[in-house]
Amino acid sequence: MPDADTLMNEWPSEMEQALKEIPFPGPEIDMHAADYARLVCSMLDVPCHKLANNKSVIESLHVLFTLYSDFKSNQHF
């Protein structure tokens, strides 16, 4: 897994614009929670490998929430 500093690098402006224009799938989507987690992680460039025991999903979500926490506590955002 990449560290939070690597994931906090600035995205290209095209990517930021796409995230503003394309909404995330809402709760009405018919998808298993693990698949939805993989989708969200993929959209935010957090790697998520598909393993039989779903540990990779847990690890990816941990990275995603750590990244979110780092952004919330960063005074520049």
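The values are calculated or read from the model by the stated rules, or taken from the named source; none is laboratory data. Since the model is a prediction, treat every value here as computed from it, not as a measurement. In this analysis, Cβ positions are derived from the backbone assuming ideal geometry, glycine residues included, and neighbour counts consider all displayed protein chains. Keep in mind that these areas ignore ligands, DNA and RNA; they rest on the heavy atoms of the full protein, side chains included. Shrake-Rupley method; radii C 1.70, N 1.55, O 1.52, S 1.80 Å.
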* Using the structure shown, decide if residue 22 is open to solvent by 90 Å² or more (accessible area, probe 1.4 Å) and out of contact with any Asp or Glu (no Cβ under 7 Å at 6 or more places or on another chain). => yes
* Those residues that are in contact with a helix residue (DSSP H, G or I) (Cβ under 8 Å, 6 or more places away or on another chain) and at negative phi, I need them from segment 50-74; list them, please. => 50, 57, 60, 61, 63, 64, 66, 67, 70
* Asked: Inside segment 21-72, can you point out the residues that are part of a helix (DSSP H, G or I) and basic (Lys, Arg)?
  -> 38, 55, 72
* **Among residues of segment 46-75, those that are loosely packed, with under 13 Cβ neighbours inside 10 Å and within 22 Å of residue 26 (Cβ to Cβ), counted** => 2
